[in-house]
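Data block below; observations after.
The values are calculated or read from the model by the stated rules, or taken from the named source; none is laboratory data. In this text, all values refer to a predicted model and were calculated from it rather than measured experimentally. Note: ideal-geometry Cβ built from the backbone for every residue, glycine included; neighbour counts use all protein chains shown.
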Amino acid sequence: MTQRTGSTTGNVAELNFNDVLVDLSSYLGRLRVNGSDAIDLLDRLSTNRLTDLTAPGMGMRSVLTTNKGRVIDLLGIHMMGNGILVVTSGAALRKVADWIEFYTIMEDVENVDISGNTFHLRLIGIDAYKRFPEVNNITNSSFLEIEISGSSCTAIRTKVGGDLCLDIIGRKDDEGSVRQILLSDMDERSLLDYERYRISKGEPAFGSELTEDFNPLEAGLIDYIHFNKGCYIGQEVVARLNTYDKVQRKLVKLTWQGSLCGRNLYSGDQSAGIVTSMANGFGLGFVRKIHAEPGTVLACGEESVTIVELSSD
Amino acid sequence: MATRTTPEPLTITISEEAAVHVKQFAAAEGKPEADLRVGVKGGGCSGLTYVLEIVDGGPGENDQIVEEHDVRLYVDKKSYIFLAGTVLEYSGGLNGKGFVFNNPNAKTTCGCGTSFSV
C-alpha cells in the first residue's frame, strides 16, 4: 500500500480552491467500453445499479470490487451516445481494463484505453461552476456536451468532498485552446496541491484508501452501493457486512502537530488503525470503529494524532 | 513393464437425468429438437456465473460441441476454459436445486450456487 504524502508546506486553510483548474489527465484514466453488453457486464462487476443508466448523458459512480468485497477502484460510469466512458484512477487503469477483459467471456464488449488521446481538466468551486450554468440542471456524474473555443467537450458534474466541480474531457488535440480559454480568468493548481486538497476533503484515492486492504463500506463509499440490485462480484460479502453491521474500520480525517514517523496508530498499547494519506499536519486513515469518534486522540510513534471527523460525514 | 496411459482430455459431460430434463425443458419451450448452450459469464457474487440456455440456431463459429444422451451441448471456447471437466447434473427431490454444475475448476461458490471463482 502506498502512503501518499502531499506538499510539506502551508496548511489547508491557505489553499484557495475556489475557481481553480487542475489538470487530472494523468491522475485519472479513461476507458471507452463499447458493445451491446457493456452496461450489463459493468453492472455485474460493480456495486451500483448501472442498468438505471438508460440514456446518453446519464452517469453514476460505482465501485469495482473483488470477490472478497475489497476495493479495486472507484469508477465514474458515463453513458455516451456510442458507448460508455469509464473514468478510473490513473494508476488503476491497466488493472481495471484487465479486470473487464478477464470477465468478458460470452459478451459483446470491447474496452479501449483513450487516456492518451484525451485531456481531463477539473474545475473546482462554485465560481468555476458558474461559467457553465447549463450544468446546474443535471445530477452528479451526469454530463453535457458543451463547446469551448470551438472544441466539443464532455462536461461532467462531480463533487470532491462537498465542493461542486466540473470535469472537462476533450480531445488531446484541443487541449491547448480549451486551457487557454479557461485559464484566461482562473488559476491552475498543481497535482501536489490537488493531493493536499483531496486529503483535506476526505476524498479517498487509489493506492492509499482505495486498495484491496479495505472494503467500500470502510472507505465511505456507501453512496455508490445499491443494496437491492442483485449479484455483482463481491456482493455477498458487502451485503453481509452491511446487514450484520460488521464493518470494522472507518475512514477518518486526522490532524497532528509535528511530523509522523510511521503510520500505525495506537490507543494505549492496542493497535487502533493506520494512516493512509498525509499532508503537512493532516491526513486520512482507517481506525477501528470503537475509536472512530471526532476528538479521539491516538498515538503514532511519539506524536498525538486527533480524529477530526469521519470522512463520510 | 509399466504401461503409461494418456489421460483423457478434459471435457464437459451431462448426466442421463440432466439430459432428460433438458429435453423436457426444450419440449416445454416448443423446441423439441433444440440444443443446450452451456457457458460462463462474468459477474455473480464470486466472479463467474453459469449460463444455461435452450437454443435452436445450431452451434456458433467458436463453439465446442459435446453430444451425450441425445443432447448436444454448445460451449464457446472461452467458457470452455472455465468448464473443462464439469459434469452437468440434475438434482431433484425435496432439496433439489435443478441443474447442478460439478465443476472441478471452481475454488469457491456463493450461497446460491450459481456463481463461482477459479
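Just to be sure before I move on: is A:Leu260 out of contact with any Gly (no Cβ under 6 Å at 6 or more places or on another chain), within 21 Å of A:Leu28 (Cα to Cα) and of a type in the set (A, V, I, L, M) in the structure I sent? Spelling it out, it is not the case that A:Leu260 is out of contact with any Gly (no Cβ under 6 Å at 6 or more places or on another chain), within 21 Å of A:Leu28 (Cα to Cα) and of a type in the set (A, V, I, L, M).
Against the numbered list (1) away from chain A (no Cβ under 12 Å); (2) in contact with a Cys (Cβ under 9 Å, 6 or more places away or on another chain), B:Phe101 comes up short only at (2).
Scanning segment A:34-58 for residues that are over 10 Å from A:Leu75 (Cβ atoms) and either assigned to a strand (DSSP E or B) or within 14 Å of chain B (Cβ to nearest Cβ) (or both) yields A:Asn34, A:Gly35, A:Ser36, A:Asp37, A:Ala38, A:Ile39, A:Asp40, A:Leu41, A:Asp43, A:Arg44, A:Arg49, A:Thr51.
If you scan segment B:76-97, which residues turn out to be in contact (Cβ under 8 Å) with a residue 40 or more places away in the chain, more than 11 Å from the chain's Cα centre (by Cα) and surrounded by 13 or more Cβ atoms within 10 Å (Cβ to Cβ)?
Scanning segment B:76-97 gives no hits.
Under the condition of being out of contact with any Phe, Trp or Tyr (no Cβ under 8 Å at 6 or more places or on another chain) and under 20 Å from B:Val87 (Cβ atoms), which residue from segment B:50-65 is nearest to the other protein chains (Cβ to nearest Cβ)? Going through the qualifying residues, I end up with B:Val51. Cβ separations smaller than 8 Å between residues 6+ apart or across chains give the following pairs from segment A:49-60 residues that are within 10 Å of A:Ile84 (Cα to Cα) to residues that are among the small types (Gly, Ala, Ser) and modelled with pLDDT under 95: A:Pro56/A:Gly81. Just wondering, is there one or more residues in segment B:75-82 that are under 28 Å from A:Thr104 (Cβ atoms), away from chain A (no Cβ under 11 Å) and touching a Phe, Trp or Tyr at 6+ places or on another chain (Cβ under 9 Å)? Within segment B:75-82 (the criterion being under 28 Å from A:Thr104 (Cβ atoms), away from chain A (no Cβ under 11 Å) and touching a Phe, Trp or Tyr at 6+ places or on another chain (Cβ under 9 Å)), the answer is no, since none of the residues qualifies. Of all residues in segment A:214-240, those that are within 13 Å of chain B (Cβ to nearest Cβ) and either in a helix (DSSP H, G or I) or free of Cβ contacts under 8 Å to residues at least 60 places away in the same chain (or both) total 7.
The rows are residues; the columns are (1) more than 20 Å from A:Leu241 (Cβ to Cβ); (2) in contact with a strand residue (DSSP E or B) (Cβ under 6 Å, 6 or more places away or on another chain).
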site	(1), (2)
A:Gln270	yes, no
A:Arg288	no, yes
A:Ala292	no, yes
A:Thr296	yes, yes
A:Gly301	yes, no
A:Ser304	yes, yes
A:Glu309	yes, yes
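Look at B:Glu53 and say whether it is over 14 Å from the mean Cα position of the chain (by Cα) and of a type in the set (Asp, Glu). No. Give the residue that is surrounded by the most Cβ atoms within 10 Å (Cβ to Cβ), with candidates limited to residues of segment B:107-118 that are facing chain A (nearest Cβ under 10 Å) and in a strand (DSSP E or B). For segment B:107-118, the residue satisfying everything is B:Ser115.
In segment A:81-91, the condition of being in a helix (DSSP H, G or I) and either in contact with a Ser or Thr (Cβ under 7 Å, 6 or more places away or on another chain) or within 14 Å of chain B (Cβ to nearest Cβ) (or both) is met by at least one residue. Of the residues A:Asp193, A:Asp185, the single one that is assigned to a loop (DSSP other than H, G, I, E, B), modelled with pLDDT under 95, over 20 Å from A:Ile72 (Cα atoms) and of a type outside the set (Gly, Ala, Ser) is A:Asp185.
Within segment A:59-80, the set of residues being assigned to a loop (DSSP other than H, G, I, E, B) and either away from chain B (no Cβ under 14 Å) or of a type in the set (A, V, I, L, M, F, W, C) (or both) is empty. For segment A:119-151, a residue qualifies if it is buried (at least 19 other Cβ atoms within 10 Å of the Cβ), at pLDDT below 95 and of a type in the set (D, E, K, R), but none of them does. Tell me, please, whether a residue that is within 22 Å of the chain's Cα centre (by Cα) and crowded, with 17+ Cβ neighbours inside 10 Å can be found in segment A:176-186. No. Checking each residue in segment B:8-45 for being within 14 Å of chain A (Cβ to nearest Cβ), at pLDDT 90 or above and over 18 Å from B:Glu68 (Cα atoms) picks out B:Val40, B:Lys41.
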